[in-house]
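Data block below; observations after.
The values are calculated or read from the model by the stated rules, or taken from the named source; none is laboratory data. Quantities reported herein were computed from a predicted structural model and do not represent experimental measurements. Ideal geometry is used to build each Cβ from the backbone, glycine not excepted, and the neighbour counts take in all protein chains shown.
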Amino acid sequence: MGSPTKLDVLVCCEGGRQGCAAEGSDELLDACRAWLREQRLERRVSLRPAGCLGHCKGVACEIRPADGFEAETRRALRQSPEDFEKLKRRILKSLGFDKATRRARLADRPSGLETEL
């Protein structure tokens with residue numbers, strides 16, 4: 001049995017009053033940290049603020065396998081509960097959880113972002 005998949009999740013916090021910071025990247029980072037703790041995924045997911053990721057239209061995020069050998073997933077997210085749910089699903093999918101497990105992990109869990117809006 002191999003070691004579990006590990007991911008690097010980068011959230012752009014660049015831009016001050018413009019760019020991702022103005023779109024709510026700090027709130028997204030905080031909500032994602034809380035969700036990872038709640039799901040006990042902190043050892044499998046390294047969540048880090050980043051500089052410009054080059055694909056802004058909301059908050060730019062990248063999900064990369066920690067080994068760096070697979071293609072990265074790039075996504076620009078809006079500061080909304082729906083996009084936060086998409087990010088959580090994408091993280092779970094990238095970690096290899098099947099659909100049923102992803103649904104169970106996402107069901108009846110506060111996302112943390114709704115209270116920020």
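More than 10 Å from the chain's Cα centre (by Cα), modelled with pLDDT of 65 or more, of a type outside the set (Phe, Trp, Tyr) and loosely packed, with under 14 Cβ neighbours inside 10 Å: is that true of GLY68 in this structure? So GLY68 does not fit the description; no. Of the residues making up the stretch 71-110, those that are modelled with pLDDT of 80 or more, not polar (S, T, N, Q) and not in a loop (DSSP other than H, G, I, E, B) are PHE84, GLU85, LYS86, LEU87, LYS88, ARG89, ARG90, ILE91, LEU92, LYS93. Looking across the stretch 1-45, the residues that are aliphatic (A, V, I, L, M) and part of a strand (DSSP E or B) come down to LEU7, VAL9, LEU10, VAL11, VAL45.
Please work out if ARG17 is exposed (fewer than 13 other Cβ atoms within 10 Å of the Cβ) and modelled with pLDDT of 90 or more. In short, no. Among residues of the stretch 29-45 that are surrounded by fewer than 14 Cβ atoms within 10 Å (Cβ to Cβ), those with a Cβ under 6 angstrom from a residue that is in a helix (DSSP H, G or I), sequence gap 6+ or separate chain, pair up as GLU42/LEU36. As a summary of the residue check, ALA60 satisfies the conditions (1) modelled with pLDDT under 85; (2) small (Gly, Ala, Ser); (3) out of contact with any helix residue (DSSP H, G or I) (no Cβ under 9 Å at 6 or more places or on another chain) except for the one numbered (3).
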